[in-house]
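One structure is given here, and the rest of the page talks about it.
The values are calculated or read from the model by the stated rules, or taken from the named source; none is laboratory data. In this text, all values refer to a predicted model and were calculated from it rather than measured experimentally. Every residue, glycine as well, gets a Cβ built from its backbone with ideal geometry; the counts of neighbours run over all protein chains shown. Ligands, DNA and RNA are stripped out before the accessible areas are found, and what is left, the full protein with its side chains, is counted by its heavy atoms. Shrake-Rupley method; radii C 1.70, N 1.55, O 1.52, S 1.80 Å.
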Amino acid sequence: MTGTIRTLVVDDEPLALEGVSRLLAVDPDIEIVGSCSDGIGAVAAIERLDPDLVLLDIQMPGLDGLEVVRRVGPDRMPVVVFVTAFDRHAIAAFEVQAIDYVLKPFEDARFHAAVAHAKAVVRDGAFADRGRRMAAALGDDDAPPQGPARLTKIAVRKPDRTVFVGVDTIDWIEAADYCVKLHAGGHVHVIRESMHRLEAKLDPARFFRTHRSAIVNLDRVRETAAAPNGDSALILADGSTVRLSRVRRLAFESRMTGPRNPL
């Protein structure tokens, strides 16, 4: 990954929110894209802003930090560093694959060490395995199995029939709350499935996760174009445009210029 790391700060204490933001502001690798003071706002901000990193308080009224992770879902949750005054949540935080757990009050050096660790994880781009382990820790029944057979067809249940969609016909796959949308041949089919579980069943030589909410069929990719915030846009054979995040760009380029280049 190149460019700055898009970061969201969440804390219900105004002084803590200001202090964390001040410490992040001196880091040239960090771009603060937003802040909020409650869990409901955090869920909405993560969905809207798609940050790379979240500095997240745990003990908040209404919706705590652990519940924020559950609401967003493991396949969409950015890298997380919990910053909290309560040490009793530490085990639960690491069970949901938090990168670090900074206990208030903290020394600046401790905070910067946690952020440095988080930045390294973001730049590594290894979100898929984190999401699988996070889903398992959350007790998510949709956590992908370890060695699934590769799908050739996907059953789509309709009110009066079942349609079988060949995976070869899929252009791209889109996350939609607790479901996914299969974009195939000009049609959109909705199935009850998690992105991680479905991704684990697809041929990794053909299907590629472009960001947390999209998977593309590499055989359908025709062009790339620049997009805002340092991302790219993939233009597919059917004219669809799918965002490619900065985190995944190098992996995508490697796949497309390797031995299996379909262009």
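What FRET efficiency would be calculated for the residue pair residue 188, residue 120, taking the C-beta separation as r and a Förster radius of 30 Å, to the nearest 0.05? Each step should come with its number before you reach the end.
Numbers: r = 38 Å, r/R0 = 1.27.
FRET efficiency, residue 188 to residue 120: 0.20.
Can you give me the long-range amide H partners of residue 244? Hydrogens built in the peptide plane at 1.01 Å from N, cutoff under 5 Å, separation of 5 or more residues or another chain.
Those qualifying (amide H under 5 Å, at least 5 residues apart or on another chain) are 232, 233, 234.
When you count, for each residue, the other Cβ atoms within 10 Å and take the mean per peptide, how do 25-33, 47-55 rank with the highest first?
On the way: 25-33: 14.9, 47-55: 21.1.
Most protected by this proxy first, the peptides run 47-55, 25-33.
Points 7 angstrom from Cα along the Cβ direction at residue 227 and residue 156: gap in nanometres?
2.2
Give a quick list of trypsin sites (Lys or Arg not before Pro) in the stretch 175-243 that DSSP marks as loop, anything other than H, G, I, E or B, with at most 16 other Cβ atoms within 10 Å.
192
Can you give the accessible area of residue 117, probe radius 1.4 Å, in Å² rounded to 10?
Estimated to the nearest 10 Å², residue 117 gives 90 Å².
Using a simple spin-label model with points 7 Å from Cα along the Cα→Cβ vector, what separation in nm is obtained for residue 256 and residue 163?
Output for this residue pair reads 2.8 nm.
Take residue 15 and residue 238, extend 7 Å from each Cα along the Cα→Cβ direction, and tell me the distance between the two endpoints in nm.
My value for the distance between the label points is 5.6 nm.
Would you pull out the residues with amide H under 5 Å of residue 202's amide H, same chain only if 5 or more places away, H placed 1.01 Å from N?
Answer set, sorted by chain and number: 151.
Note down the accessible area of residue 234, probe 1.4 Å, to the nearest 10 Å².
For residue 234, the solvent-accessible surface is approximately 0 Å².
For a quick check: with amide H placed at 1.01 Å from N, whose amide H comes under 5 Å from residue 224's, ignoring anything fewer than 5 positions away on the same chain?
235
Could you give the distance between the Cα centres of the stretch 5-22 and the stretch 45-66, to the whole Å?
That distance is 11 Å.
With a 1.4 Å probe and every protein chain left in place, work out the accessible area per residue of the stretch 148-263 in Å², rounded to a whole number. All intermediate terms of the calculation are to be shown ahead of the outcome.
Details: 5960 Å² over 116 residues.
Averaged over the residues of the stretch 148-263, the accessible area is 51 Å².
Give me the percent of accessible area attributable to carbon and sulfur for the stretch 19-69, probe 1.4 angstrom.
On the way: 1030 of 1990 Å².
For the stretch 19-69, the apolar C and S fraction of the accessible surface comes to 52 percent.
Go through 164-171, 56-63 and give me the packing order, highest mean Cβ count within 10 Å leading.
Working: 164-171: 16.2, 56-63: 19.0.
Output ranking for 164-171, 56-63: 56-63, 164-171.
Lys/Arg Cβ at +1, Asp/Glu Cβ at -1, dipole of the stretch 156-225 taken about the Cα centre: which of 182, 162, 195 is farthest positive-ward?
Value computed over the given set: 162.
Mind running the shape call on the stretch 159-263? Use the C-alpha gyration tensor, a ≥ b ≥ c as the square roots of the eigenvalues: rounded below 1.5 for a/c, prolate if a/b tops b/c, oblate otherwise. Numbers along the way, then the final one.
On the way: a/c = 1.75, a/b = 1.56, b/c = 1.12.
Taking the square roots of the gyration eigenvalues as a ≥ b ≥ c, the stretch 159-263 is prolate.
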